[in-house]
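Peer 1: Starting off with a structure, shown below.
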Amino acid sequence: MLTYINRDCFVRFLRGKQRKQMADYKVCYDPSTSTPQIPPKILLALSLSESSLSLLEMLVSLLHEQREMHRGNSGFELFVVHVDQSNVYPYPSGMESTAILESIRQTYNDMCTTICTPVDDFFADTRSVLHFMHSGSDIADYSFLADLTLDGKITVPDVLANIRDRTSKLDFLQTIREALVFNAAKELQCTTIVWGDTMSRLAEKTLSLTAKGRGSVIPYLLSDGFRNGIYNIYPLREILRAEAEEYVKMLDISNYVSKPSVKAPNVLRMMTIDDLIANYFADIEKGFPSIVSTVVRTAAKLTDKVADASNICALCGLPCDDKTPERWLQDITVNQSAPSFDATNEQDDIGPEMDEPRLIICYGCLVATNGASFPWISTIRNSKEEVLDEYELH
Ligand SMILES: [Zn+2]
């Protein structure tokens, strides 16, 4: 498939695709004083896959060029965060992610600031840990209990052990990873997050979100735009995974590739939705790459109906459309008494009171947590506005 005449041509071609998506991040000058404006801080979510490493190299090369052309000034300041999941999935032997990140920082001559966040940091703030329970016998039987007596550290493997199937485990791990990337962006005061998802990955995510009952968030999650007050971009959306893999080889940075080795089982029945879809696209990408781009372009045409929704799922933190699963769930739960911490409030009402905190779980999370019970950092008491306020940069 890759029949580029020479290395430089190929490298320039891919960099051009990334730069087209990030045309706004150029060096800007104040019109009155002609001095360069303070560049925005951007955060790269680095998974240490070929794709995210390609994007890192492209961003550093862009910074380098900008500094040369604009007397040391740049259009953005680059931060890189990696979520270390070594306690969940083993990394290739002998590779410590902190050491890899340090080596990357040195290789790129301090062009970026690197941060390594352990996945268990998700539970670092035990003040907001609540206990989530879903019996699984009745779809409406779910609740959160304040659980402030938790002793010891909560680990992500503990939480995942309570979730039944691999699809849902990986689904929650992704929620945790993304929450940590957002937290890092907030702490570092970054206004933009760049994700290394290639066109192939975006196509996989489109089908997998659909299959997992999360179809309503496809445009919200996979388009460039604001989430939690931070702008999100997918600069590799026109690049295939095979091209990113080739790019990493050509630029001799494959020694940094260190994907946690999540081994897909050979038995078809044991595979997750993500495994199946990844296999499907891996085959299709070789012969019919246009199908991959059709999936991504079709997803991009969907209208985002949840971005303005005022409800946020207590588990995945994504907005939910109150006209569909959430409304449906409320209708089901209306005859049951809501879990209450206030014993005096025993009236037989037909629904939660208006100012009572409402428990909202999106359809995707409801399906994924079937029969599970685990501690979780919850946004149960936060309206979307409160979450946004929290993310507002000071
Ligand atoms: Zn959810």
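Bear in mind these aren't lab numbers, they're just calculated from the coordinates by the rules spelled out. Since the model is a prediction, treat every value here as computed from it, not as a measurement. We place every Cβ from the backbone using ideal geometry, glycine too, and count neighbours over all the protein chains shown.
Peer 1: On a full-extension model of 0.36 nm per residue, what is the gain between S103 and L145, subtracting their alpha-carbon distance, rounded to one decimal in nm?
Peer 2: Length difference between fully extended and current span is 10.7 nm.
Peer 1: Quick query: amide H of V27 versus all other amide H atoms, modeled in the peptide plane; which residues come in under 5 Å with a sequence gap of 5 or more or a different chain?
Peer 2: Amide H neighbours of V27: G75.
Peer 1: Between the stretch 274-295 and the stretch 304-319, what is the C-alpha centre distance in whole Å?
Peer 2: 29
Peer 1: Once you've got the Cα coordinates, tell me which of K17/K305; K153/K186; K249/K301 are over 32 Å apart.
Peer 2: In this structure, K249/K301 exceed 32 Å between Cα atoms.
Peer 1: Still on this structure: How much net charge surrounds T114 when only the other residues with a Cβ under 9 Å from the Cβ of T114 are counted, with Lys and Arg +1 and Asp and Glu -1?
Peer 2: Here the charged neighbours net out to 0.
Peer 1: For L46, L63, which order do you get if you count the other beta carbons within 10 Å of each Cβ and list the fewest first?
Peer 2: Starting with the residue having the fewest Cβ neighbours, the order is L63, L46.
Peer 1: In what sequence do R177, R241 fall when counting other Cβ within 10 Å, fewest first?
Peer 2: By the 10 Å Cβ count, ascending, the order reads R177, R241.
Peer 1: Between S310 and F226, with labels modelled 7 Å along Cα→Cβ, what's the label distance in nm to one decimal, could you check?
Peer 2: Using points 7 Å along Cα→Cβ, the separation is 1.8 nm.
Peer 1: Return the long-range amide H neighbours of R227 (sequence gap of 5 or more, or a different chain), with a cut-off of under 5 Å between placed amide H atoms.
Peer 2: Placed amide hydrogens put N232 under 5 Å from R227.
Peer 1: Can I ask one more? Going by amide H atoms built from the backbone, whose H comes under 5 Å of the H on A314, apart from near neighbours?
Peer 2: The answer is I360, I361, C362.
Peer 1: While we're here: With 10 Å bins from zero, work out the P(r) of the stretch 27-91 over every alpha carbon pair and list the percent per bin.
Peer 2: 20, 39, 24, 12, 5, 1
Peer 1: What full-extension length gain, to one decimal in nm, is calculated for K259 and C28 as 0.36 nm per residue of separation minus the Cα-Cα distance?
Peer 2: My answer for the length gained is 79.5 nm.
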